[in-house]
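The values are calculated or read from the model by the stated rules, or taken from the named source; none is laboratory data. If you're wondering where the values come from, they're calculated on a predicted model, not measured in any experiment. Counting neighbours? That spans all protein chains shown, and the Cβs are built from the backbone with ideal geometry, glycine included. Just the protein is used for accessible areas: all its heavy atoms, side chains included, with ligands, DNA and RNA removed. Shrake-Rupley method; radii C 1.70, N 1.55, O 1.52, S 1.80 Å.
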Amino acid sequence: MRGLLPTDPDANLDLHWAARALELALRADYRTSPNPMVGAVVLDRTGHLAGEGYHRQAGQPHAEQEALEMAGDKAEGGTLFVNLEPCAHLHRTPSCAEAIVLAGVKRVVISMSDPDARVRGAGIAKLREGGIETLLGVHEDRARRLNEFYVKHRQTGRPFVSAKFAMSLDGKIATRTGESRWITSEEARLHGHRLRHIHDAIVVGVNTVISDDPELTARLEGDNVRQPLRVILDSQLRTRMSAKAVGPNTLIATTRAGRMGAAEVLRLSAADDGRVALEPLLDELGKRGILSVLVEGGSEVHASFFAHGLVDKVHAYIAPRLIGGREALGPLGGAGVERLTEAVSLRELDATRLGTDLLITGYVDVHRDS
């Protein structure tokens, strides 16, 4: 954590209210995409809570504006806490940095700077030009993790890629006959639908569509469930028009020209193996404001994403079952690696019980052993 010294008498207070801003930001539950999740808290000049708010979804007031409106005149001479650098550019809503200056706020505590090129440091500069004391870096790691989809997109132009698969304890995603429903428990499947809700797009291969005919939707309770863009990798346009996943919210990535009913057909270049080239696909999704992609397979699709170094995070559901079989598929197909030093390593592992199953998550380590 930058900016706070252990001897700073306000350190604990800053930590508390900066954490509150992060809690508020999370209430958006990813509905702000393609914008970040932001929460804000305003204390009056005596240190008492005067206002708070969060950005609810794209096009609605920003967190700072909600908090300042609730605080009213009490914001003057007070402190504002926010998990992301206030914007300094005009868009559908006024500049937050300008609104903070006009409100007479004396001090602003910011968790992290904004990686968006339109903001990056400009918001902080605007505040300081207005005579506001600024502190940057309180709970920075937590803030980056909260908006990791947004950060990856703004830094690279591509979406954050999560790979998700369910397998038996002996590493099988289906039996030798191809049966895969259901390896995991209902609790694990429900969590999988939660992953679909938080991601902007879901990617599967055409073989999965042909064999399983999945809907590829987030089936959760409530009225505010997000439905991801369904992306089907289908180099030869073999998807059936009657497939459940084919509809207005579907993009079929292919190497051929053609039509597919209400679904959009996107023609892309072919990779060396004749399949859809994944890098151009991610570039195109990034241009469309897709911040995150959930790759659900099958095994060849997963293998291709890993082989090209395109996966950021892994979600592996492991059921306490043993399937066996030389011909039963594992989560990663392809040629695989020849040496263990070439294997993909994960860091920051986390294990969670979901019913009878175990969910292991981890971030792909970009530093390979030599």
Checklist entry - Do the conditions hold for Gly205, that is, is it open to solvent by 30 Å² or more (accessible area, probe 1.4 Å) and among the small types (Gly, Ala, Ser)? => result no
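Given the options Val108, Val101, Val161, Val151, name the one that is open to solvent by less than 40 Å² (accessible area, probe 1.4 Å), of a type in the set (A, V, I, L, M) and farther than 30 Å from His302 by Cβ.
Working: Val101 fails: open to solvent by less than 40 Å² (accessible area, probe 1.4 Å); Val161 fails: farther than 30 Å from His302 by Cβ; Val151 fails: farther than 30 Å from His302 by Cβ.
Matching residue, one of Val108, Val101, Val161, Val151: Val108.
Answer yes or no as to whether Leu310 is outside any strand (DSSP E or B) and either open to solvent by 10 Å² or more (accessible area, probe 1.4 Å) or over 29 Å from Pro36 (Cα atoms) (or both).
yes
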Next on the checklist: Tell me yes or no: at least one residue of the range 133-140 is in a loop (DSSP other than H, G, I, E, B), touching a Gly at 6+ places or on another chain (Cβ under 9 Å) and open to solvent by less than 60 Å² (accessible area, probe 1.4 Å).
Outcome noted: yes
Checklist entry - Within the range 255-265, can one find any residue that is surrounded by 14 or more Cβ atoms within 10 Å (Cβ to Cβ) and in contact with a helix residue (DSSP H, G or I) (Cβ under 8 Å, 6 or more places away or on another chain)? => result no
Next on the checklist: Given the criteria in contact (Cβ under 8 Å) with a residue 40 or more places away in the chain, β-branched (Val, Ile, Thr), open to solvent by less than 60 Å² (accessible area, probe 1.4 Å) and out of contact with any Gly (no Cβ under 8 Å at 6 or more places or on another chain), does Val301 qualify?
Outcome noted: no
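Give Arg107, Arg181 a once-over and let me know the one that is free of Cβ contacts under 8 Å to residues at least 40 places away in the same chain, of a type in the set (D, E, K, R) and over 21 Å from Leu43 (Cβ atoms). So that I can check it myself, show each step before the final result.
Numbers: Arg107 fails: over 21 Å from Leu43 (Cβ atoms).
None of the others qualify; the one that does is Arg181.
Here's the yes/no breakdown for (1) open to solvent by 80 Å² or more (accessible area, probe 1.4 Å); (2) in contact (Cβ under 8 Å) with a residue 40 or more places away in the chain; (3) in a strand (DSSP E or B); (4) touching a Phe, Trp or Tyr at 6+ places or on another chain (Cβ under 7 Å):
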| residue | (1), (2), (3), (4) |
| --- | --- |
| Arg321 | yes, yes, no, no |
| Arg326 | yes, yes, no, no |
| Gly330 | no, yes, no, no |
| Gly336 | no, no, no, no |
| Val344 | no, no, no, yes |
| Glu348 | yes, no, yes, yes |
| Ala351 | no, no, yes, no |
| Leu359 | no, yes, yes, yes |
Next on the checklist: Looking at Ala40, Ala67, Ala25, Ala50, can you tell me which residue is touching an Asp or Glu at 6+ places or on another chain (Cβ under 6 Å), modelled with pLDDT of 95 or more, closer than 29 Å to Gly157 by Cβ and open to solvent by less than 50 Å² (accessible area, probe 1.4 Å)?
Outcome noted: Ala40
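Is it true that Glu296 is over 11 Å from Leu229 (Cβ atoms), surrounded by 20 or more Cβ atoms within 10 Å (Cβ to Cβ) and under 19 Å from the mean Cα position of the chain (by Cα)?
Working: over 11 Å from Leu229 (Cβ atoms): yes; surrounded by 20 or more Cβ atoms within 10 Å (Cβ to Cβ): yes; under 19 Å from the mean Cα position of the chain (by Cα): yes.
When the stated conditions are applied, Glu296 passes them.
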